[in-house]
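Accompanying notes for the structure given below.
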């Protein structure tokens with residue numbers, strides 16, 4: 001059980017759902033697990049005291065969002081989702097996905113990407129017309145290279161996982177300062193999540209990534225949300241979900257700030273009443 005008691009309406013802003021009923025895409029880099037489904041996640045949700053969840057389309061399913069939509073429906077009114085859609089997606093499909101609870105488009109730009117950077121501005125404009133935000137994941141060390149293109153996207157913009165610096169950098173590094181400039185725009189958000197994916201110092205405190213997380217919260221607490229990144233596929237040993245939540249005790253200084261990160265900020269971005 002976590003030490004941090006999550007306030008009512010707390011949101012887990014990034015989970016994946018996998019189910020053996022749904023086949024992997026031809027572009028998948030690994031066989032998706034067959035049993036990391038809603039029933040398993042509900043156990044995590046209950047243990048952490050969370051009421052809301054954002055189901056993010058895994059790369060393993062490509063542009064077929066069926067499993068994600070199924071997960072949103074099963075989780076119920078507290079769930080929203082982030083889909084992956086191709087550049088030629090129709091307005092009819094975007095309307096269908098919106099009705100299914102989708103509120104954002106995922107731009108995954110690391111190994112296994114199904115989109116190109118050239119396609120992103122037009123696609124961002126397409127989904128913004130339906131009230132969606134865009135969620136971008138790339139190597140944070142390239143913020144200076146992509147700062148202008150990310151800033152050009154209309155609407156709200158989410159940057160994954162503390163900026164996803166594949167090699168964590170100092171807070172004064174130009175790439176991290178570029179990230180902070182984007183947050184200062186008032187349209188860019190970030191997820192405090194998955195430090196284990198990039199940390200070189202490791203558990204339990206992930207000191208190198210935690211320095212970045214604390215700097216993000218200090219600079220712009222109104223633009224941060226928290227996420228478990230469950231079910232931590234292909235990570236050994238599997239991170240402890242309660243420990244991931246408890247990192248907020250280190251990253252944010254007080255209950256009021258943690259409430260913003262867990263409740264108020266997700267409510268604004270994901271469209272909760």
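For residue 39, work out the one condition from (1) at pLDDT 95 or above; (2) surrounded by 17 or more Cβ atoms within 10 Å (Cβ to Cβ); (3) within 30 Å of residue 246 (Cβ to Cβ) it doesn't fulfil.
If we test residue 39 against (1) at pLDDT 95 or above; (2) surrounded by 17 or more Cβ atoms within 10 Å (Cβ to Cβ); (3) within 30 Å of residue 246 (Cβ to Cβ), just (2) comes out false.
Scanning the stretch 42-74 for residues that are within 12 Å of residue 16 (Cα to Cα) and touching a helix residue (DSSP H, G or I) at 6+ places or on another chain (Cβ under 7 Å), which turns out surrounded by the most Cβ atoms within 10 Å (Cβ to Cβ)?
Looking only at the stretch 42-74, we keep the residues that are within 12 Å of residue 16 (Cα to Cα), and these are 53-61, 65, 67-72.
Those still in the list that are touching a helix residue (DSSP H, G or I) at 6+ places or on another chain (Cβ under 7 Å) too: 53-55, 57, 61, 65, 67, 71.
Numbers: 53: 31, 54: 27, 55: 29, 57: 28, 61: 23, 65: 25, 67: 23, 71: 26.
Out of the qualifying residues, it is 53.
Assigned to a loop (DSSP other than H, G, I, E, B) and touching a residue at least 12 places away in the same chain (Cβ under 8 Å): is that true of residue 272 in this structure? Spell out how you get there, then give the answer.
Working: assigned to a loop (DSSP other than H, G, I, E, B): yes; touching a residue at least 12 places away in the same chain (Cβ under 8 Å): yes.
Judged against the criteria, residue 272 is a match.
So, residue 85, is that one at pLDDT 95 or above and not in a helix (DSSP H, G or I) or not? Spell out how you get there, then give the answer.
Details: at pLDDT 95 or above: yes; not in a helix (DSSP H, G or I): yes.
Against the criterion (at pLDDT 95 or above and not in a helix (DSSP H, G or I)), residue 85 qualifies.
What is the residue count in the stretch 221-247 for residues that are part of a helix (DSSP H, G or I) and out of contact with any strand residue (DSSP E or B) (no Cβ under 6 Å at 6 or more places or on another chain)? Explain how you work it out, then say what you get.
Going residue by residue through the stretch 221-247, those that are part of a helix (DSSP H, G or I) are 221-223, 241-246.
Now restrict to residues that are out of contact with any strand residue (DSSP E or B) (no Cβ under 6 Å at 6 or more places or on another chain): 221-222, 241-246.
Looking only at that region, the number is 8.
Would you pick out the residues in the stretch 217-236 that are surrounded by 16 or more Cβ atoms within 10 Å (Cβ to Cβ) and within 29 Å of residue 60 (Cα to Cα)?
Correct list: 223, 224, 225, 226, 227, 228, 229, 230, 231, 232, 233.
Any residue that is under 23 Å from residue 227 (Cα atoms) and in contact (Cβ under 8 Å) with a residue 40 or more places away in the chain - is there at least one of those in the stretch 150-157?
Yes, that holds for at least one residue.
Identify, by number, the condition in (1) within 25 Å of residue 132 (Cβ to Cβ); (2) in contact with a helix residue (DSSP H, G or I) (Cβ under 7 Å, 6 or more places away or on another chain); (3) surrounded by fewer than 20 Cβ atoms within 10 Å (Cβ to Cβ) that residue 261 doesn't meet.
Single failed check for residue 261: (3).
Restricting attention to the stretch 237-251, does a residue exist that is in contact (Cβ under 8 Å) with a residue 12 or more places away in the chain, more than 19 Å from residue 262 (Cα to Cα) and surrounded by 14 or more Cβ atoms within 10 Å (Cβ to Cβ)?
Within the stretch 237-251, one or more residues are in contact (Cβ under 8 Å) with a residue 12 or more places away in the chain, more than 19 Å from residue 262 (Cα to Cα) and surrounded by 14 or more Cβ atoms within 10 Å (Cβ to Cβ).
Please state which of the following conditions residue 77 fails to meet, knowing it meets all the rest: (1) part of a loop (DSSP other than H, G, I, E, B); (2) within 18 Å of the chain's Cα centre (by Cα); (3) farther than 30 Å from residue 170 by Cα.
Residue 77 satisfies every listed condition except (2).
The values are calculated or read from the model by the stated rules, or taken from the named source; none is laboratory data. Fair warning: this is a prediction, and the values are worked out from it, not measured in the lab. Please note: Cβ atoms are built from the backbone with ideal geometry, for glycine as well, and neighbour counts cover all protein chains shown.
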